[in-house]
Structure formats: structure tokens, C-alpha cells
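What follows is calculated from the coordinates using simple rules that are stated; it is not laboratory data. Since the model is a prediction, treat every value here as computed from it, not as a measurement.
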Amino acid sequence: MRTQSPGSSYLALPHGTGPHPGVVVVHEASGLNDNIRDICGRFAAEGYAALGVDLFEGRNRAVCRVLETELTAAGVPHDLKVYPGAKHAFFNDQWRSFHPDAAADSWQRVLAFFAEHVRRSPTRPT
């Protein structure tokens, strides 16, 4: 895996030459931290170019709250699931709010979603 830190972001790239399918990793309330960098690395290990962005760097936190609404309105495929009993930052295995069942399920859902919507072979003009 190769990493770069362009601006206030973190980019993790898989080994080998690209192009690679890409994903953007949106952080929790703590901003771009070691946990988000670790998640980017996990995606890179799965073959994705993963960019962790710092939405709090000169941006309004409200951006995160309208994301689901805007994706729906734009017709962008997405998957949103609320895990009862899981608190904010449930995926962060470095915090006490870590919820192993929700984290494991969400990781599998993300990989399945990416396999269907991100890794598809692009349609090439003939």
C-alpha cells in the first residue's frame, strides 16, 4: 500500500498500477484521524483507492447531515442503515463506542455495495 497526504486529506492506494476503483471515506465527529486513515488502508488492501477527507477543514458540519437526502434526490445509489444499540463512531475500534457486530455488518455491506456499484466494469464506447 502507498499513502499520500494531499492537503488536509489522506490517500491510500493499493499495490500495483491503476486505475483502481475509488472511494471517499467520510469521518465521524472527530474529523480525519488515525481511525479514518486505518479504514482507508483497509480499503486499499481490498483493491480500492481510498481518500479520507477532512470535512471540518473549512467546511460546515451540516454537510454531513444532508448527504443522504442529496444522494437520494440525485439518484445516486447508496446504502444507509441505522444500527440499534450502536452509538456514534461504532466502527472505530479504538474507542469505547466500538460496536463489533455493527462494525462487522457494516464492513460487509460496504464491500458488497462497492462490488456492485463501484467495481463494475465501465461501459466503453465502441
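Per-structure values
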{"read-out": "Theoretical gain in end-to-end length, Val82 to Gln108 [0.36 nm per residue, Cα-Cα removed]", "value": "7.9 nm"}
{"read-out": "Gain upon complete extension [Gln4, Thr17; 0.36 nm per residue less C-alpha separation]", "value": "3.1 nm"}
